[in-house]
Amino acid sequence: MTFGAFALWALLAPGRALAAPAFAAPSAGQPGLAVGSDPQGTLRAKLCSAASCDLSDGVELGVPRALAPNVPRARLELVGIGNGRRAIVVTVPGGADGRPFQAIVVAPLVGGTPSILFAEQTGLIEGPDGVRLGKSVAISEPDEGGARRIVVGLQREDLELCGRPAVLSPQMLSPQDLTLHAAKVQRLLPAEREQAAELGAVRTPDDAQAASVGVLSALGASSALGAVSGVTDGRLDTAWVENRGGSGRGEFVIMRAPPELPLKAFDLVVRSAAPSVPKSAVPRELWLVTKSQIFHVTLPDEAATAPGQRFRVILPKPVQTDCVGLVLEAAFEERPNAEVGVVELAAVSDLGAVDPAGLVAALAGGGERARAAGALLRALGVPGFAAIIAGFDTLDEGGRRVALDAVDAAACEQSIPVYVAAIGSGIEAERVHAKDRLLRCGRASADLLVERFLKAKPGPALSLVDELALVAPDRAVEALAVRIAKAPTRERRGLRVVLARAAALAEARASVVRLLGDAGLPNVVTLDLLRALGPRVPSFQPFATAALGRLEADASFRTRYLMLEPAAKLAPGDARARAAVERSLVDRSDARLRVRALEVIPRDAQASAAFLAGLSDESPRVREASAHGLLDVRASGAAPKLSTLLADDAWPLVRRAAAEALAALPPEPKGDAALLAALADEAWGVRAAAAAALGARHVARAVDGLRRHFVDAEEHFEVRRSAAAALAALCDQASLDALTKSANKLTDPLATVEERAVAESALRALSALAPPDLPARLKALLASSSAPAAQRAIADSAKVKACR
């Protein structure tokens, strides 16, 4: 059975509200049939002689309980199916998932109850997203006599006719016996078929047989004997053969096409001489379908008797599409048990059958022709990808971009060489593209990344090992060890950053442990590995201490200096490492070692003695580092020595460090006096530190001196900023006017950078002091471009309680 195209009800509106039952009057041997709801709202069907019959004892249609509230909105359609006979089709709107319930009911020719031929939820209701499937009910347009056809079939989310709904395994309601029978249906709408271009197929010369290329890839078919892929595999000993019989009308196969490639023609092989191909009937008419166009193709008579011969269908103009469908219409031989088949369908482009190397050359520039060449290379598969690998380094930027897009379709073992080459590119877009794809390939790319990294120049090498650290951190650690052993100091800095990132991952632990335990590892590698481990180095005990012990034998300054940081990280739990740091604290050979030891030693009670002793060191840098250490440990016993340094040390950097350390200690007379005196220090850095410390220690008698420094326009701006903060900490209300005047400098477009910095500090101080009239004081600011800063200051002042 066949019939014209139909529309899926699942795509229609729910229909009118259910006001009365649908009634099919007795006709052509059918008794009367009524379908509607009973007083309880249940849909039922009953054989009746009139529409007004009582449905309470009718046959229940079986609407799912979840859809019962939708029954009042059900659509009941009386459909004339030919021969004077009728069916009633019921559609109850779906729930939240949108899947309706549908039923097909007829009055049988024999029997006393209605026949419910179909009653199920329809739509894509089974399977994961992308491959869902489910039943469908469709109704054709009326034929010349007004008859319509009702079809039940399967629909699949992944098998549409290039965007058009396609019913699979269709069954049609027969007007003869009122049952469902397997049928052949034409899925294309009549309007589309009427507007299709009429094309012929011309036999191609023997020397043009290779002009088409296999860019099409079969995805699925409405029915098939054997594999669907035979229609696009480039072989003449395989084919797609439909499995519905007769003319095959309406049976189809769907193929993926490269959307970048303009297709100007198609080559068809419809008969094969190979014994492995079933002796199928040859199509006489068929449709070639894209998402936006349909072409009606008629083959010449010789197609039925020309095994292996190609017939070319030239399109009116080139088309670009990602989908091509072939739909059968008629065959040269239409026996009931015939199967109609197509041996091969191939696309023809302007690039013809250019060899892979020539297609790679055509990628240059990255324009429209290049994109078409890329689509062909991708369609060629392994040979195309191999050509891209061979020619990638010769391409310009545009060509490389298209080549990267093409190899995205390749398996990792084929695409990795191109991505690795792109990683070392100077073009950021290429690197980003390649890095993303290599992450997907994972460890499969490690071998090539290691090989290229060890041979690359410093810049590209860093990009390569950075990617290696992501996909195979253990391999990255091992490869970095090899390269660091020979790399110059400037390059090692960048390599150590990647080493730190790789070593932090659990997958790299075994490699790190092996390297730490390797007595033959060059000291430069051992040292960089310990430094790269950073705060995680204690987690690699006892291997880290063993590695540190090997470094102690190296007398070079570089090693002795740089090993102090990892040694300090190990010191809290390792006596040997702590001893190494403490030896450097008293090493008289070079003050830089003592400074570094003071900088990295753990800030604990044991360190306080070292910091106090360091205040008396002959090196100003050691004294400075000791004061900074005391700032961290807040040793109150250090105040006298710090006060002495602040008053008497010849080095401003030491005096400043002493003032900063005193800021962290409780107030006491000697320290306060030293800080007050330091407000007159010749070095502005010392004055600024002293002002900040007086505020932090809340030395109330410093207010007058701090105010003088703040209002002194000749004072260094950093001293004025520290003084403003200290005045706020001391809650000095007498400074409000001076602070207000300074803050309003933010409205002056000619104010210097330094003046604006002081003004910002004054605004913060006003916010901390939180005077009740603050909005009035900032009126000018609120009307200027600095309004947001003023508004924040006012909002923050509402949270301040200390000065109220």
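Residue-wise test of (1) at pLDDT 90 or above; (2) of a type in the set (S, T, N, Q); (3) not in a loop (DSSP other than H, G, I, E, B).
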position: 544; (1), (2), (3): yes, no, yes
position: 566; (1), (2), (3): yes, no, yes
position: 569; (1), (2), (3): yes, no, yes
position: 606; (1), (2), (3): no, yes, yes
position: 617; (1), (2), (3): yes, no, no
position: 646; (1), (2), (3): yes, no, yes
position: 653; (1), (2), (3): yes, no, yes
Residue pairs meeting the criteria (Cβ under 8 Å; at least 6 apart or on separate chains; first at negative phi and without any contact (Cβ under 8 Å) to a residue 60 or more places away in the chain, in the range 731-743; second open to solvent by less than 30 Å² (accessible area, probe 1.4 Å) and among the aromatic types (Phe, Trp, Tyr)): 735/710; 738/710; 739/710; 742/710
Pairs, please: C-beta under 7 Å, at least 6 apart or cross-chain, first residue surrounded by 15 or more Cβ atoms within 10 Å (Cβ to Cβ) and in the range 629-656, second hydroxyl-bearing (Ser, Thr, Tyr)? 633/608; 635/608
Read through the list (1) in contact with a helix residue (DSSP H, G or I) (Cβ under 8 Å, 6 or more places away or on another chain); (2) more than 27 Å from residue 492 (Cα to Cα); (3) open to solvent by 20 Å² or more (accessible area, probe 1.4 Å), then give the number of the only condition that residue 411 fails. (1)
Qualifying residue in the range 345-353 (condition: open to solvent by less than 10 Å² (accessible area, probe 1.4 Å), part of a loop (DSSP other than H, G, I, E, B) and aliphatic (A, V, I, L, M)): no
Residue 502 - would you say it is crowded, with 18+ Cβ neighbours inside 10 Å and either small (Gly, Ala, Ser) or in contact with a Ser or Thr (Cβ under 8 Å, 6 or more places away or on another chain) (or both)? yes
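Mind listing just one residue for me: the one in the range 374-384 that is aliphatic (A, V, I, L, M) and either more than 28 Å from the chain's Cα centre (by Cα) or surrounded by fewer than 24 Cβ atoms within 10 Å (Cβ to Cβ) (or both) and, of those, farthest from residue 232 (Cα to Cα)?
Step one: of the range 374-384, the residues aliphatic (A, V, I, L, M) are 375-377, 379-380, 382.
Next, only the ones that are either more than 28 Å from the chain's Cα centre (by Cα) or surrounded by fewer than 24 Cβ atoms within 10 Å (Cβ to Cβ) (or both) stay: 379-380, 382.
On the way: 379: 11, 380: 12, 382: 16 Å.
The selected residue is 382.
In the range 519-549, which residue that is among the charged types (D, E, K, R) and closer than 26 Å to residue 604 by Cα is most open to solvent (accessible area, probe 1.4 Å)? Don't jump to the end; show me each part of the working.
Applying the first criterion (among the charged types (D, E, K, R)) to the range 519-549 yields 528, 531, 536.
If we keep only those that are closer than 26 Å to residue 604 by Cα as well, we get 531, 536.
Values: 531: 64, 536: 84 Å².
Going through the qualifying residues, I end up with 536.
Which members of the range 442-463 meet the condition of being basic (Lys, Arg), over 24 Å from the mean Cα position of the chain (by Cα) and closer than 21 Å to residue 410 by Cβ? Break it down into steps so the answer makes sense when it comes.
Filtering the range 442-463 down to residues basic (Lys, Arg) leaves 443, 452, 455, 457.
When the remaining residues are screened for being over 24 Å from the mean Cα position of the chain (by Cα), the result is 452, 455, 457.
The answer is 452, and nothing else.
Scan 364, 370 and give me the residue that is open to solvent by less than 10 Å² (accessible area, probe 1.4 Å), over 30 Å from residue 272 (Cβ atoms) and touching a helix residue (DSSP H, G or I) at 6+ places or on another chain (Cβ under 6 Å). Give the derivation first.
Values: 364 fails: open to solvent by less than 10 Å² (accessible area, probe 1.4 Å).
Answer to the selection: 370.
Restricted to the range 339-377, and to residues that are charged (D, E, K, R) and within 24 Å of residue 308 (Cα to Cα), which residue is modelled with the lowest pLDDT? Before you say what the answer is, go through the steps one by one.
Looking only at the range 339-377, we keep the residues that are charged (D, E, K, R), and these are 339, 344, 350, 355, 368-369, 371.
In the following step, the residues that additionally are within 24 Å of residue 308 (Cα to Cα) were identified as 339, 344, 350, 355.
Values: 339: 85, 344: 93, 350: 77, 355: 81.
That would be 350.
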Name the pairs: first residue in the range 506-519 and among the hydrophobic types (A, V, I, L, M, F, W, C), second residue part of a loop (DSSP other than H, G, I, E, B), Cβ to Cβ under 8 Å, at least 6 apart or on different chains? 515/521
Looking only at the range 305-330, which residues are at pLDDT below 90 and among the small types (Gly, Ala, Ser)? 306, 308
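Anything in the range 272-301 that is assigned to a strand (DSSP E or B) and more than 21 Å from residue 238 (Cβ to Cβ)? List them, or say none. Spell out how you get there, then give the answer.
Residues of the range 272-301 that are assigned to a strand (DSSP E or B), as a first pass: 281, 283-289, 294-298.
Of everything in the range 272-301, those that are assigned to a strand (DSSP E or B) and more than 21 Å from residue 238 (Cβ to Cβ) turn out to be 284, 285, 287, 289, 294, 295, 296, 297, 298.
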Six or more apart or on different chains, Cβ atoms under 8 Å: show the pairs whose first residue is in the range 414-438 and closer than 17 Å to residue 448 by Cβ and whose second is of a type in the set (S, T, N, Q) and open to solvent by less than 20 Å² (accessible area, probe 1.4 Å). 416/445; 419/445; 420/445; 431/425; 434/425; 437/415; 438/445
Every residue from the range 36-60 that is open to solvent by 10 Å² or more (accessible area, probe 1.4 Å) and under 53 Å from the mean Cα position of the chain (by Cα): 37, 40, 41, 42, 44, 60
Single residue of the range 64-98 satisfying the filter (touching a helix residue (DSSP H, G or I) at 6+ places or on another chain (Cβ under 8 Å) and not in a strand (DSSP E or B)) that is modelled with the highest pLDDT: 93
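For residue 425, state whether it is of a type in the set (S, T, N, Q), surrounded by fewer than 23 Cβ atoms within 10 Å (Cβ to Cβ), out of contact with any Asp or Glu (no Cβ under 7 Å at 6 or more places or on another chain) and under 23 Å from residue 403 (Cα atoms). Step through it out loud before you land on a result.
On the way: of a type in the set (S, T, N, Q): yes; surrounded by fewer than 23 Cβ atoms within 10 Å (Cβ to Cβ): yes; out of contact with any Asp or Glu (no Cβ under 7 Å at 6 or more places or on another chain): yes; under 23 Å from residue 403 (Cα atoms): yes.
Criteria met by residue 425.
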Sort out which residues of the range 590-615 are of a type in the set (S, T, N, Q) and either open to solvent by less than 80 Å² (accessible area, probe 1.4 Å) or over 27 Å from residue 644 (Cα atoms) (or both), and write them in order of number. 608
Could you pull out the residue among 125, 116, 81 that is open to solvent by less than 50 Å² (accessible area, probe 1.4 Å), under 24 Å from residue 171 (Cα atoms) and in contact (Cβ under 8 Å) with a residue 12 or more places away in the chain? 81
From 134, 145, which residue is part of a strand (DSSP E or B) and of a type outside the set (A, V, I, L, M)? 134
Restricting to the range 234-261, name every residue that is out of contact with any Gly (no Cβ under 6 Å at 6 or more places or on another chain), in a loop (DSSP other than H, G, I, E, B) and crowded, with 19+ Cβ neighbours inside 10 Å. 244, 246, 247, 248, 249, 250, 251, 257, 258, 260, 261
Result of the Cβ filter at 9 Å on the range 377-391, keeping first residues that are among the charged types (D, E, K, R) and partners that are surrounded by fewer than 22 Cβ atoms within 10 Å (Cβ to Cβ) and part of a helix (DSSP H, G or I), at least 6 apart or interchain, is 378/405
For the list (1) crowded, with 21+ Cβ neighbours inside 10 Å; (2) under 30 Å from residue 576 (Cβ atoms); (3) acidic (Asp, Glu), I need the number of the one condition that residue 552 fails. (1)
Reported set for the range 696-720 where residues are surrounded by 24 or more Cβ atoms within 10 Å (Cβ to Cβ), closer than 16 Å to residue 663 by Cα and out of contact with any Phe, Trp or Tyr (no Cβ under 6 Å at 6 or more places or on another chain) is 702, 706
Which of the residues spanning the range 768-786 are open to solvent by less than 10 Å² (accessible area, probe 1.4 Å), assigned to a helix (DSSP H, G or I) and closer than 20 Å to residue 722 by Cα? 769
Yes or no: residue 560 buried (at least 21 other Cβ atoms within 10 Å of the Cβ), over 26 Å from residue 534 (Cβ atoms) and of a type outside the set (Ser, Thr, Tyr)? no
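Going through the range 645-672 one residue at a time, which ones are closer than 19 Å to residue 685 by Cβ and not small (Gly, Ala, Ser)?
Of the residues in the range 645-672, the ones closer than 19 Å to residue 685 by Cβ are 645-664, 671.
Those that are closer than 19 Å to residue 685 by Cβ and not small (Gly, Ala, Ser): 645, 646, 648, 649, 651, 652, 653, 654, 655, 656, 660, 662.
The values are calculated or read from the model by the stated rules, or taken from the named source; none is laboratory data. Quantities reported herein were computed from a predicted structural model and do not represent experimental measurements. In this analysis, Cβ positions are derived from the backbone assuming ideal geometry, glycine residues included, and neighbour counts consider all displayed protein chains. The area values use the complete protein model at the heavy-atom level, side chains included, leaving out ligands, DNA and RNA. Shrake-Rupley method; radii C 1.70, N 1.55, O 1.52, S 1.80 Å.
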